[in-house]
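Comments concern the structure below.
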Amino acid sequence: MARAVEPDKVRTLEQLLATREIVISCGSGGVGKTTTAAAAAAMAATHLGGKVLVLTVDPARRLASAMGLEQFGNVETRVPDEAFSEVGVTPRGELWAAMLDTKQSWDDLVRRHAPDERTRDAILGNSIYRNISERFVQSHDYIAMERLYEIHSSGTYDLIVVDTPPTRHAIDFLEAPDRMGDFFSSKLLRWLTAPAKSRVMTLASKPFYTVADRILGSQFLEDLAEFFGLFQTMAPGFVERADAVSKVLADRRTTFVVVSTLEAAPLHEAEYFIEALHERKLHLGALVLNKVLPSYLRRTATTGVARRLCADPEAAAQALPDLEEVGGSGDVARVLGTVGESFLNYQVVAKREAEQRASLAQSPDVVASIPYMESDIADLRGLLALGEQIWH
């Protein structure tokens, strides 16, 4: 995939994706974040070439059918060439897809970082690990970053487009590597593992263990102590990888795309996340605004037409032929007057949207808009049609 465009000259999403290796799509729920990520990946595979992967962290399985796949999971699956040929497209590159399987990814991580086979098998067989591996220390967020790092480090793909959880959780997604590193060096972990190592209760911890033993049972406490004791043996590997993941996020080859509508709540979330990226000195490459009203609503000429309809709907109705077939001039005049008034109301909203877009455009390299779509995206044709709206 070509990397000829300099980052400071980026003006379109096409140029942005051509200069990056990781694109992380973020936004609140229901704004089209997942679909936008898939559309951007499909456009990159079609026009830029190379191998492109869309990795979804938010479990939205509708991506599978939209890309012509029956299903996909933790292992990357290639979108078949037939899916492109059916819509009359010959891609320059390959499109792949994967969805994070949290449990499988944690098991793979344990196998990779465990110091020996005995420790590996003990962790995988521990009842506490089996029950909480999907929830431990925001495991979904951390393992997503770990999986992204693993795939990127393999060098298999020229571009990886990541679809994250909704915005507030996406902040957890960003902070997960640091939190994992902090956990392994924390007093909490040392306190949890101390009884397993020394079997000596301090005056402070004895009341807790006495109550816990009565409520949970000694076997649970033993399993808990064993779990944290075993897990701590992998601390060096986890801390090292957490630091490496944080560096990948801050790397110049990584960028973020924030997706939002211009409705109050999603827009507030977008502004919150943009500020979070700024505070962390992470690159905001693009802002994609979905469900934007069409630009013709802001044209001066259309304002005059709408005002004439409102001012004299009877004259406009008389200009139409065959009034008898549609209920007469009175009904037509009422409809035309309502249409004119509605248009002027939408025009106010469209102008407000333009002002909001202008204020947001100061931060990212690229600002792209997606108009209201007549139907939901259900196939690759729809993804590419959406992609065309934001590509150039």
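The values are calculated or read from the model by the stated rules, or taken from the named source; none is laboratory data. Treat the numbers as computed from the prediction; the structure is a model and nothing was measured. In this analysis, Cβ positions are derived from the backbone assuming ideal geometry, glycine residues included, and neighbour counts consider all displayed protein chains.
Details
Residues checked against (1) in a loop (DSSP other than H, G, I, E, B); (2) at pLDDT 75 or above:
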{"position": "ASP121", "(1), (2)": "no, yes"}
{"position": "PHE136", "(1), (2)": "yes, no"}
{"position": "GLU150", "(1), (2)": "no, yes"}
{"position": "SER153", "(1), (2)": "no, yes"}
{"position": "ARG168", "(1), (2)": "no, no"}
{"position": "MET180", "(1), (2)": "no, no"}
{"position": "LEU188", "(1), (2)": "no, no"}
{"position": "THR210", "(1), (2)": "no, no"}
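- Residue under evaluation ASN290, criteria (1) part of a helix (DSSP H, G or I); (2) touching a Ser or Thr at 6+ places or on another chain (Cβ under 9 Å); (3) buried (at least 18 other Cβ atoms within 10 Å of the Cβ); (4) at pLDDT 75 or above, criterion not met: (1)
- Matching residues, the range 230-271, being assigned to a helix (DSSP H, G or I) and under 15 Å from the mean Cα position of the chain (by Cα): LEU249, PRO266, GLU269, ALA270
- Scanning the range 60-78 for residues that are among the aliphatic types (A, V, I, L, M), more than 21 Å from GLN389 (Cβ to Cβ) and touching a Phe, Trp or Tyr at 6+ places or on another chain (Cβ under 9 Å) turns up at least one hit.
- Sole exception among (1) polar (S, T, N, Q); (2) more than 30 Å from PRO371 (Cα to Cα); (3) at pLDDT 90 or above for SER246, by number: (3)
- Each residue in the range 349-376 was checked for being of a type in the set (A, V, I, L, M) and modelled with pLDDT of 80 or more, and 4 pass.
- For the range 380-387, the criterion of being more than 16 Å from ALA39 (Cβ to Cβ) and either modelled with pLDDT of 80 or more or part of a loop (DSSP other than H, G, I, E, B) (or both) is met by none of the residues.
Residues checked against (1) at pLDDT 90 or above; (2) not charged (D, E, K, R):
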position	(1), (2)
ALA38	yes, yes
HIS47	yes, yes
VAL57	no, yes
GLN71	no, yes
ARG78	yes, no
ALA97	yes, yes
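- Out of GLU314, GLU325, sole residue that is surrounded by fewer than 17 Cβ atoms within 10 Å (Cβ to Cβ), at pLDDT 70 or above, over 21 Å from VAL292 (Cβ atoms) and not assigned by TED's automatic domain parsing to the domain that holds GLU279: GLU314
- Flag if ASP101 is closer than 25 Å to THR164 by Cα, without any contact (Cβ under 8 Å) to a residue 24 or more places away in the chain and not aromatic (Phe, Trp, Tyr): no
- Set ALA41, ALA45, ALA83: member being of a type outside the set (D, E, K, R) and in contact with an Asp or Glu (Cβ under 7 Å, 6 or more places away or on another chain): ALA45
- The condition (being under 19 Å from MET145 (Cα atoms) and either at pLDDT 95 or above or assigned to a strand (DSSP E or B) (or both)) is satisfied by just one residue among ARG111, ARG20: ARG20.
- In the range 123-134, residue modelled with the lowest pLDDT [restricted to those that are in a helix (DSSP H, G or I) and crowded, with 20+ Cβ neighbours inside 10 Å]: TYR129
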